[in-house]
1. Is segment 563-720 rounded, prolate or oblate when judged by the Cα gyration tensor, a ≥ b ≥ c being the square roots of its eigenvalues, rounded requiring a/c under 1.5 and prolate requiring a/b larger than b/c?
2. Which percent, to the nearest 5, of DSSP beta bridges fully inside the chain are antiparallel?
3. Measure up Lys60/Lys434; Lys394/Lys441; Lys384/Lys576; Lys155/Lys524; Lys227/Lys573; Lys155/Lys192 against 25 Å on the Cα-Cα distance and list the ones that go over.
4. Using the structure shown, list the pairs from Lys83/Lys105; Lys136/Lys201; Lys83/Lys184 with a Cα-Cα distance above 19 Å, or answer none.
5. If the cut-off is 12 Å between C-alpha atoms, which aspartates and glutamates fall inside it for Lys561, apart from same-chain ones fewer than 8 positions away?
6. Whose amide H sits under 5 Å from the amide H of Tyr254, counting only residues 5 or more places off or on another chain, with H placed in the peptide plane?
7. Is it possible to state the helix-based mean residue ellipticity at 222 nm for the chain, with each DSSP H run of 4+ residues giving -39500 (n - 2.57), the sum divided by total residues, to the nearest 500 deg cm²/dmol? What is it?
8. Are there any GluC sites (Glu not before Pro) in segment 389-472 that are in a DSSP loop and have at most 12 other Cβ atoms within 10 Å? List them by number.
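The values are calculated or read from the model by the stated rules, or taken from the named source; none is laboratory data. Quantities reported herein were computed from a predicted structural model and do not represent experimental measurements. Ideal geometry is used to build each Cβ from the backbone, glycine not excepted, and the neighbour counts take in all protein chains shown. In case anyone asks, the SASA skips ligands and DNA or RNA and just uses the protein heavy atoms, side chains included. Shrake-Rupley method; radii C 1.70, N 1.55, O 1.52, S 1.80 Å.
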Amino acid sequence: MKQKNITKHIQAFGLCALVAFTSCKDVPNQTEDIAMADNTENILLQEWTGPYGGVPAFDKMKVTDIKQAMETAMESHLQEIEKIANNPEPATFENTIVAMESSGKTLDRVYAYYGIMSSNVSTPEFRTIQAELAPKLSEYSSKISQNEKLFQRIKTVYGASQTIPLEADQQRVVDLTFKSFEMKGANLDAEKKARYAEIDKELSSLYNKFSDNLLHDEENYVTYLNKEQLGGLSEGFIKSAAKIAADKGHEGEYAITNTRSSMDPFLTYSTERELRKQVWTNYYARGDNGDEYDNNALIAQILKLRKERVGLMGYDNYAQWRLQDRMAKNPENAMDLMMAVWPAAIGRVAEEVADMQAIADANGDNITIEPWDYRYYAEKVRQKKYDLDSDEVKQYLQLDKLTQALFYVAGELFNYEFTPVKEGSVPVFHEDVKVWEVTDKDSGKLVGLWYLDPYAREGKRSGAWATTYRSYTSFEGEKTVLASNNSNFVKPAPGEAVLVSWDDANTFFHEFGHALHFFSANVKYPTLNSGVRDYTEFQSQLLERWLSTDKVINQFLVHYKTGEPIPAELVAKIKKAATFNQGFATTEYLASALIDMKLHLADPTNIDIDKFERETLAELNMPKELPMRHRTPQFGHVFSGEGYATAYYGYMWADVLTSDASEAFAEAPGGFYDKEVAAKLVKYLFAPRNAMDPAEAYRLFRGRDAKIEALMRDRGFPVQ
């Protein structure tokens, strides 16, 4: 996961550096050179050296250096901004907009380290520093967004461009920059600006506290099993659980950690119903345990402050303000899409639950399906209806083979080649991280480096995400891309293969789609690397479709012991079951997206978060047999920052595009590997990033707007 424009720096820090927990993190960090004469002893401030246009010194970073580095880099950037704002020459695109695009290079460099310390290798020591830095980062952002002289120069350039338009990419940068300053209150009077800055500062600390609370509950609620409690669990899962328990000082026991990667397979396969209930309860009670780490009061305060802040600019609610520069344009359009799908989703859940209850009754289990039963009995239904065993499928889903499959697809669609770098030639922040060189297959031109951090560990945020340490730009010479994918697969016991579920394999492809979006960027200026939240998930969701193509299945899905390719009859079962459990998947997601939107449309004055969640779900007729994918007290996408606030609907908005674009490939002579459609894919949907309006870009690719009917067909729902 993973957030928008004031400048590329406010984008990164105002909405992401304060965030520890997001899904699909997608924040570009452009990195250049700047002299820091007084701080050369701090490695985090130094220019990146070595091959590939310079790489971060991850192997030398220390938590003790980060506070000074961040404070020094912020001050350096503010000095650059002051110089731009006080330039005595009349404002022009070059001396104002380009100067802003070129500024803050040290801060970009330091943020690469800060992001790793926050998301990949967090420690209590770092989290203390992070809490100290949060209000300072907010103040830094406000000093830029509320710099009156700077905004007047931006306004002058913007006004001139409305009379005499600039080149397309220049005009786009000006438009995005002006709009983002305007949305951050640049037109407010001095009193309101001061209050705006105070609110931002307070929010930054609340976001940080929310993330810390969530991480606490993920690290401290572990379920330990004995040998008699392992029924139904696979051999590989048991070995991994034993190793995790041993690492935590519980030799001879088996640990189920409070993360999705551990919880999900346990709930799917464990025959121990009471333990399933315990593991389920631990996971869905994160941030909601009524103790000092409870997030409900924080959320109420966040909602009040967000509403007050946008009220300063005359907006009725946060959603109205936030969606004005998204594809949806307003909350009504987003709600209309979600509610068009919701009835079909919960209707399908009723069918799924009936199928599960029938199996439970036939087995004489004497139960009524509860949320901790859903995954377990869904797997039984899958086996009965489709003769498909998820654990059997996992035997053919090896992480290293899936990684090769990613490279194959990238080669076919983008003409990229991935080559492992020599061990030790590129610094990494953990021994698990591997690095590949990315080049063009024909010309050999270097595109960048791909870092992969695959395994869960203490101090690493949950979920899966992609990010960049350096993004492509060309306005000061072409820059190589440094991109990473980060997962939370359970690390296997020594010598064991990493086997993943079909859903996790889809997620692996999804996040790699973000990386390909980074690598294929063809933009001149840093601001054009920013994303439109309800569009930026489209490219990654689309890439998931290649996992189930015959070329990937036949080459890379091989048995982890025998090396035999996956049997054709098993492939047929997988494809036949493609829409299985879509009621569960769609409903758990949509419930979270609807709560996100409704919370920000509601009056937060005396809001009781738990009560609001319960009552809203009841009004929606939420099936009692499953929870939201992200319950409100643990909804890091929305409350550990603002990247996905009133924007979680964006996954479905993007999925309409995904389903429609998939049909373009399915209809092409060469199918999903059709060269002509693939070329249009790269040219219009990947390379432009935010240099082009997303709706216009999609029309250039498809020849028309996307249609919701494709989404309904994809999910096996009735098409109206």
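1. It comes out oblate by the Cα gyration axes.
2. Beta bridges within the chain, antiparallel portion: roughly 75 percent.
3. As for pairs spanning more than 25 Å Cα to Cα, those are Lys394/Lys441; Lys227/Lys573.
4. With Cα atoms farther than 19 Å apart: Lys83/Lys184.
5. Glu496
6. Those qualifying (amide H under 5 Å, at least 5 residues apart or on another chain) are Leu225.
7. Computed ellipticity for the chain at 222 nm equals -16500 deg cm²/dmol.
8. Those that pass, being in a loop and sparsely packed, are Glu423, Glu431.
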